Every structure is written in structure tokens, then in C-alpha cells.
1. Of the peptides 111-117, 135-141, 57-63, 88-94, how do they stack up when ordered by the mean number of other Cβ atoms within 10 Å, highest first?
2. Please compute the contact order of the chain in relative form: average sequence separation of alpha-carbon pairs under 8 Å and at least six residues apart, divided by the residue count, as a percent.
3. State the label only: which of [x] 57, 45, 15; [y] 62, 16, 13; [z] 24, 18, 16 corresponds to semi-axes √(5λ) of the Cα gyration tensor in Å computed from the shown model?
4. I'd like to compare 35-41, 71-77: which one has the highest average count of other Cβ atoms within 10 Å, and what's the full order after that?
5. Add -39500 (n - 2.57) for each DSSP H run of 4 or more in the chain, then divide by its residues: what number comes out at 222 nm, to the nearest 500 deg cm²/dmol?
6. Just to check I understand the Karplus step: with θ = phi - 60° and J = 6.51 cos²θ - 1.76 cosθ + 1.60, what whole-Hz values come out for region 64-69, glycine and proline as x?
7. Grab the Cα-Cα distance for residue 105 and residue 8, subtract it from 0.36 nm times how many residues apart they are, and report the gain in nm with one decimal.
8. Given charges of +1 on the Cβ of Lys and Arg and -1 on the Cβ of Asp and Glu, with all other atoms neutral, how large is the dipole of region 1-130 about its Cα centre, in debye to the nearest 20?
Amino acid sequence: MQHLINRMSRRIMLMVARGVLRRVDDQSRLQVLQATFLKGETRAGLERFQQYGYTAHPHPGAELLSLFLGGNRDHGVVIAVDDRRYRLTGLAQGEVAVHDDQGQKVHLTRAGIVIDGVGNPVRFVNCPDLYTDGNLHVAGEVNDHTSTMQAMRDTYNDHNHGGDSGGKTSSARQKMR
């Protein structure tokens, strides 16, 4: 009887393992990982389950939590991967963020949504229209396919009107800003 209890206890202990990510195959329908666990145990072919609608390709060295059904170490599944090297800290209670290793993030703060491109462009693709029901504030230049807003301001501010007798009037009295 003690032998059965010991065997069952060992299988239960082997069901959950914390490991370190070594490789990622991102080509299949579920990611397939290789990881090392306690005492240098290396396991390959670990399928990684991610939340629907969210996906990531983690770096080697990230930490993971794996389940081995029935304590059988031949077929594990990874249920969580985290990387303390890149994790955002200091979020207020209830805040959410999507981020990467470069510091790019979409942060749902208590005061509003902040998108940080860390100097990289932010692109909206395959959206024929972009709508806002509020004001648009731009600190930099606004460009379209032919000109900039500043070029339009310069043209407006420097223009003269023809006078009634064919002469010219003064330039615009009110400048476009």
C-alpha cells in the first residue's frame, strides 16, 4: 500500500513544473517550445496555450509554467510564459497593458489610453477611414499625399487679393495658425 501511495505522490509532484524557455517554434497552429526544468531536465515538443486574441513570441530565458497530465513528463503543455526582464511595473490597480521587449506599449491607464511607440512609427493599416468624435490635437506636422498643413498655412498667410481696379490689396489680415 505504501508503494502505491509513494507512486501516486510522485506523479502528483511531477504534474506541475516551472521551467526556463530555450526555443520557440512559431510556425505551427500552437507554438511548440523547448524548456529546461529542475536538474537540467530538457523537454521539447511542449505545446503552448495562449489566451484567444493574444499572441507573443517570447525570448529564450523567459520563465514558464508547464503541466504534465497524470505526471507523465513525455507530453507537457505550457500554460503561462512570463519574462521578468521586460515586464512592465508600476501599473495602478485595474490597469492593463500590452507591451514588448523594446518598451512599445498600449497602456490602458486610469486617465486614458496611452500608446508608446518609443520612437517607432505607429501605423493604422487596411482602414479606409479613421473617425473620432472628439478633437484632434497634433504636436508635430500633419501631412497628406501632396502637402503639409504648414505649407497650406504659409500659402494662406502670404496671399494677396486682387483689388477692384486691378491692383493688389494687402496680405491676409488674420493669419492661419
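The values are calculated or read from the model by the stated rules, or taken from the named source; none is laboratory data. Not measured: the values here are computed from a predicted model. Heads up, the Cβs are rebuilt from the backbone with ideal geometry, glycines too, and the neighbour counts pull from every protein chain shown. Areas reflect the complete protein model, heavy atoms only, side chains present, ligands, DNA and RNA absent. Shrake-Rupley method; radii C 1.70, N 1.55, O 1.52, S 1.80 Å.
1. Top to bottom by mean Cβ count within 10 Å: 57-63, 111-117, 88-94, 135-141.
2. 12
3. After the calculation, the listed value that fits is [y].
4. 71-77, 35-41
5. Rounded to the nearest 500, it is -4000 deg cm²/dmol.
6. Going residue by residue, I get 9, 10, 10, 10, 10, 4 Hz, with x marking Gly and Pro.
7. 30.4 nm
8. So the magnitude is around 660 debye.
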